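The values are calculated or read from the model by the stated rules, or taken from the named source; none is laboratory data. These figures come from a predicted structure and were not determined experimentally. We place every Cβ from the backbone using ideal geometry, glycine too, and count neighbours over all the protein chains shown.
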Amino acid sequence: MIPNIPFISVILPCYNEEAILETNLIKIIKYLESKNDQYQWEIVIINDGSRDNTGTIADNFEKKYSYVRVIHHPTNLNLGNALKTGFKNAKGDIIVVMDIDLSYSVDHIEKMVDKMIETRSDIVIASPYMKGGKVTDVPFGRKVMSRWVNRFMRVAAQDKFHTYTGMVRAYRKDFIQTVNLKTKDYEINPEILYKAMILRARIYEIPAHLDWTEQNKYTDKRTSSMRVLRGFFSGIMSSFIFRPYIFFLAIGAFLMLLSMYELIWLLFDTLSNMSLHPEINKSFSISLALQFRKNPQSFVVGGITFIAAIQFLSLGFLSLQSKRYFEELFHLGSSLKKQNQKIIDL
């Protein structure tokens, strides 16, 4: 191993990618070979239970190139488990996750690694949605849903980034291997950021170019494309892991305003009746009863809305308390895991 040169592991999750695997692997290898004076590197292919010739093609590359390793899942375990397998088996000090469709071009590897070295960060995100980023030839529906899911997460998250769902990132191995990850599918990407925020990780974004020009040629041949609606709704649900209490508190506050509007007008009308009708004898209860006979629906709507507001506000405060307990326990568990890893390494 050459001293003072970063050792990077490029993780490539693959599922039914025979249409593009050989061509794109050659592109990645040629690019990395051109960087031999800058990095030591390896490529780790995770064949996630492919049912086509993906595994065979990957094995042929492993036989031909000493710096290519292939790990096979016996069945499809989904993206989350594929990434966890890659993190566990990577040997490099810096782990780079790329999409085998190369919708993010290979030069993003150098950009992310250089940013990580420059900032001494734990995670670097390739973001097409930040200033300087770009999106090309992505289908309109998918592009709109992806943008809005990430904007929704930006509102929910305590640390503000532009891309939470993207897979193309660089990780410091010492950090990512100590993060306890549970998600099995695409939700692993926001989960990583959420738990990294709890651990006060250093996270940076770099402008990226998401380009589907080549990918669109293989749309009919590839079976691993994420279903748009599934990705959209899973992204929306993932937003709740960041700060679930703000959703309950926001709904509760909105319902409280509605109920207060209704109830204040009822109070105003009740007091007005007392001043305008002397026969009421200045009795608030009598005036209230008359108001109920006149507008019973206002009492029902205002009362139900008020009760619902109290319920949502209570859920908000309870979820805030639960979140704080979880974060404390997760932080403690991660510290113990890191200490145990150091003992094992010794």
**Residue count for region 180-219, restricted to those that are crowded, with 16+ Cβ neighbours inside 10 Å, of a type in the set (A, V, I, L, M, F, W, C) and touching a helix residue (DSSP H, G or I) at 6+ places or on another chain (Cβ under 7 Å)** = 7
**Message:** I'd like the full set of residues that are among the polar types (S, T, N, Q) and at pLDDT 80 or above, limited to region 227-281.
**Reply:** S259
**Message:** Cβ-Cβ distance below 7 Å, separation of 6 or more or different chains: which pairs start in region 1-26 with a residue that is under 17 Å from V168 (Cα atoms) and at pLDDT 95 or above and end on one that is aromatic (F, W, Y) and not in a strand (DSSP E or B)?
**Reply:** I8/Y39; L25/F61
**Item:** region 208-226 residues that are more than 18 Å from T163 (Cβ to Cβ) and modelled with pLDDT of 75 or more, paired with ones that are of a type outside the set (F, W, Y) and not in a loop (DSSP other than H, G, I, E, B) (beta carbon under 9 Å, 6 or more apart)
**Value:** T213/T136; E214/N24
**Verdict on K30 being over 28 Å from I192 (Cα atoms) and surrounded by fewer than 20 Cβ atoms within 10 Å (Cβ to Cβ)** = yes
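Based on what the data block shows, is H72 in the same structural domain as K30 (by TED's automatic domain parsing) and closer than 19 Å to Y164 by Cβ? Steps first, please.
Numbers: in the same structural domain as K30 (by TED's automatic domain parsing): yes; closer than 19 Å to Y164 by Cβ: no.
Criteria not met by H72.
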**Request:** For D114, work out the one condition from (1) closer than 28 Å to L25 by Cβ; (2) buried (at least 20 other Cβ atoms within 10 Å of the Cβ); (3) not polar (S, T, N, Q) it doesn't fulfil.
**Result:** (2)
